Amino acid sequence: MKKYQNSSNTKYFDILYQRHSSKVYGKCLSMLNNETMSKDALQDIFLKVLLNISKFNFKSKFTTWVYSITYNHCIDVIRKEGKLKFEKEEYSMYSEKIDTNDAIHEEEELLKIKVHNLEVVLDSIPIKDKAVLLMKYQGGLSIKEMCSMLNKSESAVKMGIKRAKEKCIRKHKELFK
Amino acid sequence: MRNKNNFRQLENLKIKKHGEAPKKVLDNIEQNLVFFKTIGQTIELFTDKFIKTFIKMNG
């Protein structure tokens, strides 16, 4: 990364692409559920990475930075397709507190879902809920990173994740139990 | 978080289903890079010429 930043030699960008393209493509497939759209997204994401690489400041991991570009881009794609509406109030209206024990229990339950069932469940919950779950559990983004990505407060993001987990678990029970 | 949780397994499953990330995308990116560089150089050249002409005209 540093070598590419310092030299702008495409050879180093090739290496970055080889290292990260597969993961980025997998994330695009998980979000977009469409091979052609994912291939286009992959190209656009790496173009964004290329054009913005000078802005990367090493405050986070390079992969985290790339994944946040990936999720942002996929959200934009879905939004343009008209399938996603991030209603402002949905992330800001919650004032109730999150019970830590409940959160741990829900997380355990969520991570126990079998992978094939998870695929079906994620496709049947609203896309914004799917997006936050993928950001957290697949991309490994921290709450702070999600806050800056989604431009939301920490409590709003935490509540968004909680709601998404609840919907996912409920849907799983509906479909598979 | 577990190292290989079900969400990450799902990502691998999707890759298995749809195949690896295309390698040729990189060529397009490099073509884009060349395009942007060319545009950048053209703008630079034009700005340079414009400034020189401007200075000439205004003494």
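The values are calculated or read from the model by the stated rules, or taken from the named source; none is laboratory data. Quantities reported herein were computed from a predicted structural model and do not represent experimental measurements. Don't worry about glycine lacking a Cβ; one is built from the backbone with ideal geometry, like all the others, and counts go over all protein chains shown.
Here is how the numbers come out for the structure above:
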item	result
Contacts under 8 angstrom Cβ, first residue in region A:9-38 being assigned by TED's automatic domain parsing to the domain that holds A:V66 and in a helix (DSSP H, G or I), partner acidic (D, E) and surrounded by 17 or more Cβ atoms within 10 Å (Cβ to Cβ), 6 or more apart	A:K23/B:E11; A:G26/B:E11; A:K27/B:E11; A:L29/B:E11; A:S30/B:E11
Contacts under 7 angstrom Cβ, first residue in region B:8-24 being within 7 Å of chain A (Cβ to nearest Cβ), partner of a type in the set (S, T, N, Q) and surrounded by fewer than 20 Cβ atoms within 10 Å (Cβ to Cβ), 6 or more apart	B:I15/A:S22; B:E20/A:S22; B:A21/A:S22
Members of region A:59-68 found to be surrounded by fewer than 18 Cβ atoms within 10 Å (Cβ to Cβ) and in contact (Cβ under 8 Å) with a residue 12 or more places away in the chain, listed by number	A:S60, A:F62, A:T63, A:T64
Top-ranked residue of region A:11-40 - restricted to ones that are under 16 Å from B:K23 (Cβ atoms), more than 8 Å from every other protein chain (Cβ to nearest Cβ) and aliphatic (A, V, I, L, M), ranked as nearest to the chain's Cα centre (by Cα)	A:L16
Some residue of region B:4-12 being of a type in the set (K, R), modelled with pLDDT of 70 or more and more than 17 Å from A:L122 (Cα to Cα)	yes
Among (1) free of Cβ contacts under 8 Å to residues at least 40 places away in the same chain; (2) crowded, with 20+ Cβ neighbours inside 10 Å, the one test that A:K144 misses	(2)
Matching helices (runs of 4 or more DSSP H) fully within region A:78-177 where at least 1 residues are of a type in the set (A, V, I, L, M, F, W, C), at pLDDT 90 or above and not assigned by TED's automatic domain parsing to the domain that holds A:W65	A:100-112, A:115-124, A:127-133, A:143-150, A:154-176
